[in-house]
């Protein structure tokens with residue numbers, strides 16, 4: 001009910017205005033008033049009309065401004081869990097490739113299909129995108145303007161939507177599979193948890209950011 005009143009305020013105001021004007025005309029005819037008094041009543045009605053028009057214009061302006069402020073709010077999640085956390089198993093004896101299927105969820109109030117995500121991944125994980133899982137490729141390369149908080153042992157791998165991924169509100173959208181590689185000779189160098197930070201750029205004002213957590217389970221034998 002409240003939403004209906006908000007959306008139809010201009011029309012309700014116009015109906016009220018017509019009712020008031022009609023009542024004023026009827027009253028000035030039925031009542032025994034002088035011509036000057038009739039003119040005063042009509043002037044009062046016109047003043048009310050002007051005031052109501054200002055209020056309606058203000059409501060329409062506020063509504064338009066709110067629509068113009070609508071924007072997407074994107075977050076990256078793992079497709080299987082629907083959360084920004086996941087666990088991987090690192091075997092001790094062999095080299096392994098870990099497939100992390102990624103999705104984007106839009107928690108804002110506007111739809112978008114054009115955005116870029118820069119993932120900052122520890123270099124020890126040898127990050128790359130799966131070229132066969134989607135038509136969009138990310139190429140890990142040294143950034144031209146690296147973030148100030150980026151470390152020397154980190155790499156940036158970028159994903160661009162190229163207007164092929166539609167992010168509807170509260171609807172997870174699949175993007176690509178991030179591949180992480182682990183080596184047997186670096187088994188002892190892998191900590192129990194990794195953090196992958198990311199920045200999202202789009203046709204909105206500010207840069208959005210977030211983190212993905214990867215818990216590590218080490219095994220002294222091959223995991224099947």
At q = 0.15 1/Å the base-10 log of I(q)/I(0) from the Debye formula over the alpha-carbon atoms of region 65-108 is -0.55
Using alpha carbon centers only, region 96-117 is separated from region 166-224 by a whole-angstrom value of 12 Å
By the C-alpha gyration tensor axes a ≥ b ≥ c (rounded if a/c is under 1.5, else prolate when a/b exceeds b/c, else oblate), the shape of region 74-219 is prolate
Footprinting proxy, 182, 61: sorted fewest to most Cβ within 10 Å, the residues are 61, 182
By the mean-Cβ-within-10 Å protection proxy, highest first, 167-180, 188-201 rank as 167-180, 188-201
When 153, 130 are ranked with the fewest other C-beta atoms within 10 Å first, the list becomes 153, 130
When 87, 161 are arranged by how many other beta-carbons sit within 10 Å of their Cβ, fewest first, they go 87, 161
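Just so you know, all these numbers are worked out from the coordinates, no wet-lab data involved. All of these numbers come straight from a predicted model, not from anything done at the bench. Quick reminder, even Gly has a Cβ in these numbers, built from the backbone with ideal geometry, and neighbours come from all protein chains shown.
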